[in-house]
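Structure first, commentary second.
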Amino acid sequence: MVCDPGTDCIIHPVKKILNDRGTDLRVAMVETPEQNGAAERRTAPLWKLQELLFPKKELPEKLWAEACSTAAYVLTQTGPTPVDDKTQYELWHGKPENFNIKRLRIFGTNAMHMNQNKDAESGIEKQSVEGLFVGYEAHDRYRVFIHF
């Protein structure tokens with residue numbers, strides 16, 4: 001693994017974890033972005049999709065990480081791989097995920113979060129809270145940002 005000379009990769013706990021797992025850590029020279037070429041090419045589709053998901057308009061900046069996570073999820077389910085008819089998820093885990101393309105939603109659109117409070121008043125307004133769709137959870141669930 002090659003990282004920049006910042007402290008996030010070269011601090012002792014990270015170095016120990018990588019070493020324990022047999023990963024060779026190399027630190028790139030300062031101000032040499034050409035050493036990052038492979039990593040830049042691999043992550044470019046993720047950053048492009050994240051930019052499409054997260055336009056700089058009304059969405060709160062704190063949802064940027066949710067947009068990155070959602071982009072990564074969509075790419076692992078639908079992105080290209082060197083093996084025909086296999087997703088990135090399937091290549092990594094050795095089995096396909098139970099994925100349904102109909103489950104995909106538009107990031108940042110209105111979504112309803114079901115109120116799990118048993119004491120909630122009757123009526124759909126009391127049983128759900130409006131928010132924004134910000135991603136996917138396992139088992140066919142979605143992530144909803146509730147803004148007050």
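All of the numbers you see were taken from the coordinates with simple rules; none came from a lab. Predicted model only: the values in this text are computed from it and were never measured. Cβ atoms come from the backbone with ideal geometry, glycine included; neighbour counts cover every protein chain shown.
Working from label points 7 Å from Cα in the Cα-to-Cβ sense, the residue 15 to residue 127 distance is 5.8 nm. Between residue 48 and residue 92, residue separation times 0.36 nm minus the direct Cα-Cα distance comes to 13.6 nm. Between residue 79 and 88, the built amide H atoms are under 5 Å apart, and every one of these is 5 or more places off in sequence or on another chain.
Rounded to the nearest 0.05, the FRET efficiency derived from the C-beta distance between residue 115 and residue 85 at R0 = 35 Å is 0.25.
Annotation: amide H-H contacts under 5 Å for residue 111 (H modelled 1.01 Å from N, sequence separation of 5 or more, or interchain): 131, 132, 133.
Note on residue 103 and residue 30: their simple-model spin labels are 4.7 nm apart, each label 7 Å out from Cα toward Cβ.
Per-residue Karplus couplings for segment 11-17, computed as 6.51 cos²θ - 1.76 cosθ + 1.60 with θ equal to phi - 60°, are listed in order as 5, 3, x, 5, 4, 5, 4 Hz, Gly and Pro entered as x.
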